[in-house]
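> If you scroll down you'll find the structure; I have some questions about it.
The values are calculated or read from the model by the stated rules, or taken from the named source; none is laboratory data. Computed from a predicted structure; not experimentally measured. In this analysis, Cβ positions are derived from the backbone assuming ideal geometry, glycine residues included, and neighbour counts consider all displayed protein chains.
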Amino acid sequence: MSGFVKQDCGDMHHIQQMVRDSVGGVVDFQIVGTDPLVAGVVEGGTMATDYAPTDLNPDGTFLICIETAAIFYVTLADGSDFTITAVQSAAYLGQWYPAKLLSVNVGTTGNFSVGY
């Protein structure tokens, strides 16, 4: 028996962001820290090199909170490159983007906060 409980409309009184693992299990998504070397928001348009924080999750990943709707070039946890489009970033503006990242890459034009 799985622990899955189908939610009804009455259960949807607030929004939760969740990431699912490769078998569909929900991965807890709590931010417990940030990069101590960054004061505030990272300005993607000024990055001269790919960005990865000094403090990471135990699996070597981190999360970003999208601060401006723009294009983000990232490397996902599996090592593949991915583009967060302006449409996607606008939809997640002010929210933690639901992807575990290894880096935010040069060419990114948006600003973001960092969490792990």
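> From the list PHE29, PHE62, which residue is out of contact with any helix residue (DSSP H, G or I) (no Cβ under 9 Å at 6 or more places or on another chain), aromatic (Phe, Trp, Tyr), closer than 24 Å to ALA91 by Cβ and at pLDDT 85 or above?
Unique residue meeting the criteria: PHE62.
> Quick check on the range 64-73. Is at least one of its residues closer than 12 Å to TYR116 by Cα and in contact (Cβ under 8 Å) with a residue 12 or more places away in the chain?
Within the range 64-73, one or more residues are closer than 12 Å to TYR116 by Cα and in contact (Cβ under 8 Å) with a residue 12 or more places away in the chain.
> Moving on. Specify which of the listed residues (THR49, THR75, THR68) is surrounded by 13 or more Cβ atoms within 10 Å (Cβ to Cβ), part of a loop (DSSP other than H, G, I, E, B) and modelled with pLDDT of 95 or more.
THR68
> Would a scan of the range 99-114 turn up a residue that is in a strand (DSSP E or B), in contact with a Pro (Cβ under 8 Å, 6 or more places away or on another chain) and not acidic (Asp, Glu)?
Within the range 99-114, one or more residues are in a strand (DSSP E or B), in contact with a Pro (Cβ under 8 Å, 6 or more places away or on another chain) and not acidic (Asp, Glu).
Every residue, every condition in (1) surrounded by 14 or more Cβ atoms within 10 Å (Cβ to Cβ); (2) hydrophobic (A, V, I, L, M, F, W, C); (3) at pLDDT 85 or above, yes or no:
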| residue | (1), (2), (3) |
| --- | --- |
| LYS6 | no, no, no |
| MET18 | no, yes, no |
| LEU56 | yes, yes, yes |
| ILE84 | yes, yes, yes |
| PRO98 | no, no, yes |
| GLY107 | no, no, yes |
| VAL114 | yes, yes, yes |
